[in-house]
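The block underneath contains the structure these notes are about, expressed in structure tokens.
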Amino acid sequence: MKEFAKAVLGFQEPVTKALQNTILTMPQSVQKIAEYALLSGGKRLRPCLTLIWYNMLKGANPIQHSTLSIYDSAIVLEMFHVASLLHDDVLDDADLRRGKESAHIKFGIRPCLLAGDALLATGNKLMAEFQNVALMSVISDALLKTANGEIEEIELAGKVPSHEQEYLSVIEGKTAWIIRSACLVGAIMAGASKEDQEKAANYGLNLGMAFQIVDDALDFSDESIIGKPAGGDLRERKCTPPIFMYLQSLTKEEQQEFIEKFSVLPSPIFEHQKQEKIGFTEQELAEITQKIIQAKYPEKTRELASKYLQKAEESLHDFTGQNKELLLEALEYVRSRNK
């Protein structure tokens, strides 16, 4: 994965510069929050994927603009992603993001929600300047799918999915579709054929599915590794694969008790709901988290991710060259993520 890591590092400076320039176009009232959220770290996976697909498929008719560059198109979905994180941290009442104080803790809830909206609006405006209908369609789909995924996740909070597809539908919307869109933007900007655009989209969708599944496995890691307390999904009553596997290991009586306590929602967003049942104690949450880790359910969750990584790899069969190798290494990066 050395070449992929080098490529990511090589893209960091121009991507960061494009983000900084865009932040300066935003109203001063949100610039500090936008800067804090956008420039506080992260691997920049989405813009990197846009740039790699662009470089691999660029032909004689790439989309061009008199003042904007490929880097400007590459940062739009990163802006949408960060906007969703600003909103998520408020909904989840999260104290930390990437090991730092969450933006809504530092700046306040209302300013952060509005800054997230400003990021969405600025990203839309930036992409519209390319005056390309296909690009705008991709961006609109990404926003719609992401919002739907977030709503589905809220509706499933405290519930055990009746089948795997409910969980997969949530992660497709809240994570995978933006990564799919990042790859597709690169292909469209390159002037690629519809067939190659579809391959880019399929690669991104399956990579995104794997990325979120691995993320759900990583949720049961040490705080020093992931930058937040282990077992966050359990506390937020999100029934991810490690939690579902743990549930299946219990007796019927234990399952019933677990489901009853799991249904008691702790987040402030649910405070309007009457909670007549008693939920998990802090000690119970810690004990369950440790049992999930000891049973190696996070490792078993990664096996599900591998199926999607295989599908993503299949989308690259017809390509050759250095950029294909970078995309293959990106699959291995997701497969072996440990933070």
Search the stretch 112-130 for residues being open to solvent by 60 Å² or more (accessible area, probe 1.4 Å) and in contact (Cβ under 8 Å) with a residue 60 or more places away in the chain, and hand back the single one that is nearest to LEU68 (Cα to Cα). GLU129
Being more than 21 Å from SER306 (Cβ to Cβ), open to solvent by 70 Å² or more (accessible area, probe 1.4 Å), of a type outside the set (Gly, Ala, Ser) and modelled with pLDDT of 90 or more narrows LYS274, LYS194 down to just LYS194
Answer yes or no as to whether LEU309 is within 25 Å of LYS6 (Cβ to Cβ), out of contact with any strand residue (DSSP E or B) (no Cβ under 8 Å at 6 or more places or on another chain), part of a helix (DSSP H, G or I) and free of Cβ contacts under 8 Å to residues at least 40 places away in the same chain. no
What is the one condition in (1) within 18 Å of the chain's Cα centre (by Cα); (2) closer than 30 Å to ASP141 by Cα; (3) modelled with pLDDT under 95; (4) not basic (Lys, Arg) that ASP216 does not satisfy? (3)
Using beta carbons and a limit of 8 Å, which pairs, at least six apart or on different chains, have the first residue in the stretch 316-331 and within 15 Å of LYS2 (Cβ to Cβ) and open to solvent by 40 Å² or more (accessible area, probe 1.4 Å) and the second one modelled with pLDDT of 95 or more and not in a helix (DSSP H, G or I)? LEU328/LEU316
In contact (Cβ under 8 Å) with a residue 40 or more places away in the chain, open to solvent by 90 Å² or more (accessible area, probe 1.4 Å), outside any helix (DSSP H, G or I) and touching a helix residue (DSSP H, G or I) at 6+ places or on another chain (Cβ under 6 Å): does that describe LYS339? yes
Top-ranked residue of the stretch 209-268 - restricted to ones that are among the acidic types (Asp, Glu) and under 26 Å from ARG180 (Cα atoms), ranked as most open to solvent (accessible area, probe 1.4 Å): ASP215
Within the stretch 144-157, does at least one residue satisfy the condition of being hydrophobic (A, V, I, L, M, F, W, C), within 17 Å of the chain's Cα centre (by Cα) and open to solvent by less than 30 Å² (accessible area, probe 1.4 Å)? no
Pick from the stretch 10-64 the residues that are without any contact (Cβ under 8 Å) to a residue 24 or more places away in the chain and among the aliphatic types (A, V, I, L, M): which of them is least open to solvent (accessible area, probe 1.4 Å)? ILE23
Exactly one condition in (1) farther than 26 Å from ASP95 by Cα; (2) among the aliphatic types (A, V, I, L, M); (3) in contact with a Phe, Trp or Tyr (Cβ under 9 Å, 6 or more places away or on another chain) is false for ILE33; which is it? (1)
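The values are calculated or read from the model by the stated rules, or taken from the named source; none is laboratory data. Everything quoted here is computed from the prediction, not taken from an experiment. Heads up, the Cβs are rebuilt from the backbone with ideal geometry, glycines too, and the neighbour counts pull from every protein chain shown. For the accessible areas, the whole protein counts, side chains as well, though only heavy atoms, and no ligand, DNA or RNA atoms are used. Shrake-Rupley method; radii C 1.70, N 1.55, O 1.52, S 1.80 Å.
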